[in-house]
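Reviewing the structure listed below.
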Amino acid sequence: MASSNSTPRVLQQQPARDSDSQQQQSGSNEFQRKPGAQQGGQQMGEGSYEATRDYQKDIKEYLKDADVEKDAEAAKPRSDQEARDLEEAEKEGRSHSKGER
């Protein structure tokens, strides 16, 4: 408990930064461009339409050209211990998920 003759604490205010005014803008539903971004390449949310198109094109090419069965066989666990480790890692990952458990 503080005594009645103690000196009051003085709180110091942080100096304003140039970036504060940009961060404090509200009411706008437009995404801010990242520095150096091109005019037409505006990023939206966590992805972009262009990245989605590129990903889908790459998947189609992979499925057309790759030996999927061989890749699936190569991805299988090489031992019972590795299988248990993978199951444990999946269980741990799912425990952090908001989806099905």
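Details
- Shape call, region 59-101: gyration tensor on alpha carbons, a/c limit 1.5: oblate
- Anchor LYS76: lysines whose Cα lies under 28 Å away (excluding residues fewer than 8 positions away in-chain): LYS57, LYS60, LYS64, LYS91, LYS98
Every number here is computed from the coordinates shown, using simple stated rules; none is lab data. Keep in mind the model is a prediction, meaning the values are calculated, not measured.
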